[in-house]
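One structure follows; several queries about it will come next.
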Amino acid sequence: MLDRGARAGLCTLWLLLAGCGGGLDRQEVPSDPIAYLRQDARGLSSVEQFVDGLTLLGRKQSRSGSRIQVQVALLVVSTGASSRVLDTESGAYPLDWSHDGLRLLIGKLDEVRSGLRLYSWNRLTGSLNRTHPDFSAGGAAFGQGPIRLAYVMHAGRTGFNVLVETEVDGGVHLPGTDGAVEPDVAADGTTIVFSRPHPRPGREPLIFLSSLAGGESLQIGRGSNPRFSRDGNWIVYATRRRGNSDIWMMRANGSGKREIAASSFDEEFPAVSRNGRYVVYGSPRSDDTSQLYLTRVRDLHEIQLTVSNQSGRPVW
């Protein structure tokens, strides 16, 4: 039997028609666009350089990311159509969609301040405007309800803290978020999920929940890049249980953990479709390029979404 990497390779010639994976048809996938980082053929870097450049934190990764030529692009799975987001540049990252799917949160690398300048891109008008606040040291996410925006700021010896803009106050520090990176906001508008480094060097990061209601943050798992489903009922994340990074999901309270996508390669940066039925992620499953893959949650059927150049860090 072919492993998942080999099966993905056999799908390549058929991708433009429908897709493969035991009955997963592109036409059934929601038409909401996936934002992702794309590197075109000119100046193509190695897959190692590209994957390193997807990382928001760390001076080595950030400088690598600023040197390679990338674009923020949109992909509609059902049609296969891909288009470039205007007014973005090398060193820009897609971070989150607003809950109505109209605004894309984009971070542009600011090497002087060691973080990201934050912008909101309107996909109906094409306008690109700075958010308020307009800077994050390690990821950011839109919210609806009390939390309008969650972002990360430098915090002395602890490294980073998560702050939120609310309907009433700005710059509210969430308790228990010391060392947090890449927050995401739940549908209730009061809860965030985030990861932070393990206190023991070399261990996998830990995943926590924190709330505007106060109290200590709650540890619910281990891994990185946690993302809520739009209804807030479950969370997808990347975890290294067998030496390489695979995609898992769990309920929003940390229970019911199960594997979504795994191979002998790394799968990273998962994101959930608006209807909660599909998960997209990036994976460098060849020596040459990193590509996007999609798995249907109910039966774990998978298809490869992109086939050329380099693609990664999807946001849905």
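None of the figures in this text is laboratory data; all of them are computed from the coordinates on show. No experiment lies behind these values; they were computed from the predicted model shown. Note that we place each Cβ from the backbone using ideal geometry, even for glycine, and neighbour counts take in every protein chain shown.
If a/c stays under 1.5 just call it rounded; otherwise compare a/b with b/c (prolate if a/b is bigger, oblate if not). Do that for segment 142-240, with a ≥ b ≥ c from the square roots of the Cα gyration tensor eigenvalues.
Judged from the Cα gyration tensor, segment 142-240 comes out oblate (a/c at least 1.5, b/c at or above a/b).
Another question, if that's okay. Please give, to one decimal in nm, the separation of the simple spin-label points placed at residue 153 and residue 130, each 7 Å out from Cα toward the Cβ.
In this crude label model, residue 153 to residue 130 measures out at 1.6 nm.
Now for a different question. Where Lys and Arg each count +1 and Asp and Glu each count -1, what net charge lies around residue 259 among other residues with Cβ under 11 Å from its Cβ?
+2
So, one more: Sort 142, 160 by Cβ crowding within 10 Å, fewest neighbours at the top.
Ranked by crowding around the Cβ, least crowded first: 142, 160.
Restricting to Cα pairs below 8 Å that are 6+ residues apart, what does the relative contact order work out to for segment 161-276? Please round to a whole percent.
Computed value for segment 161-276: 17 percent relative contact order.
Now a separate question. Normalised by the residues of the chain, what does the relative contact order come to in percent, with Cα pairs under 8 Å and at least six apart?
Across the chain, relative contact order equals 15 percent.
Now, a different point. With n ≥ 4 as the cut-off for DSSP H runs, can you work out [θ] at 222 nm for the chain, using -39500 (n - 2.57) per run divided by the number of residues, rounded to the nearest 500?
Rounded to the nearest 500, the figure is -2000 deg cm²/dmol.
Rounded to whole Å and sorted largest first, what semi-axes of the equivalent ellipsoid does the C-alpha gyration tensor of segment 179-225 yield via the square root of 5 times each eigenvalue?
20, 11, 8
Order by neighbour count: 119, 293, fewest other Cβ atoms within 10 Å first, most last.
Taking fewest neighbouring Cβ atoms as first place, the list is 119, 293.
With a/c under 1.5 counting as rounded, go ahead and sort segment 109-165 into rounded, prolate or oblate using the C-alpha gyration tensor (a ≥ b ≥ c being the square roots of the eigenvalues; past the cut-off, prolate if a/b is larger than b/c, else oblate).
Oblate.
Follow-up question, since we're still on this one. If a/c stays under 1.5 just call it rounded; otherwise compare a/b with b/c (prolate if a/b is bigger, oblate if not). Do that for segment 87-182, with a ≥ b ≥ c from the square roots of the Cα gyration tensor eigenvalues.
Here segment 87-182 falls in the oblate category.
Counting other beta carbons within 10 Å of each Cβ, put 24, 37 in order, fewest first.
24, 37
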